[in-house]
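The next block holds one structure in the form of structure tokens; read it before the comments.
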Amino acid sequence: MQIHFIKKDRRSQLVCTRRDGTSTRAELGPSLPHHDLAHYVVEKKLGLTRGFYGSIARGHTIAELSDRDTIRTLGAESWLAEIVARALQSLHSGACRLDQLDELLKAELGRWSIEVPRISREDAEAMLRELQSLLDRYDSLPPGTSFELILELGESGSGRAAGVIPGVAITDTPTPTTCSRLSRTPA
């Protein structure tokens, strides 16, 4: 899937073009591209096919993915993508440290009975570096320009059962936490 981030004067636009040539677009606030970039990094790194971008690849519009009734039907992998993307943003903003990531994910995912992926320190650092690189790229864009990302999701965004993530194991290493959670909560 092709993902375009178009920077405008005070807003941005996200355009996602599926393999069949159909697309969906949305006007975004000035900070929302950061969240959508975090989704890209997380879904690519964890191999998720049913997260935000996988849902778009399967035919959902961006507007539908903002609708509470639609969100409730998306399944565990979609929630996993959302929560890990928010945790990555917490790491990026300094609201959470790397050593607190497991605890943050346990607290958020445990509310939904979703298994917590084990993300190594190296993988978390790599995701942070990639997110920062994408944010720098976006921030350097002059208004009226864009950049494109490609996300390979498998055939029509499908292929893996919800909640099954190759190479991701359950972690049960407790760590003390004082990190902040983002205020957005699942519907």
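Since every read-out is calculated from the coordinates, none of them should be taken as a lab result. Keep in mind the model is a prediction, meaning the values are calculated, not measured. All Cβ positions, even for glycine, are placed from backbone atoms using ideal geometry, and neighbour counts span all protein chains on display.
Among residues other than residue 3 with Cβ under 9 Å from its Cβ, the summed charge is -2 (Lys and Arg +1, Asp and Glu -1). Net charge in the neighbourhood of residue 39 (other residues with Cβ under 10 Å of its Cβ; Lys, Arg +1, Asp, Glu -1) is -1. The local environment of residue 120, defined by Cβ-Cβ distances under 13 Å, has a net charge of -2 under the rule Lys, Arg +1 and Asp, Glu -1. Ordered by the number of other Cβ atoms lying within 10 Å of each residue's own Cβ, fewest first, 138, 40 fall into the sequence 138, 40. If the cut-off is a Cα-Cα distance under 17 Å, which aspartates and glutamates reach residue 7, setting aside same-chain residues fewer than 8 apart in sequence? Straight-distance partners of residue 7: 27, 36, 136, 139, 148.
For residue 28, the residues whose modelled amide H falls within less than 5 Å of its own, excluding neighbours fewer than 5 places apart on the same chain, are 12, 13, 14.
Taking the square roots of 5 times each eigenvalue of the Cα gyration tensor of the range 2-157, largest first, gives ellipsoid semi-axes of 24, 20, 14 Å. Taking the number of Cβ atoms within 10 Å of each Cβ as an exposure proxy, the fewest-first ranking of 6, 56 is 6, 56.
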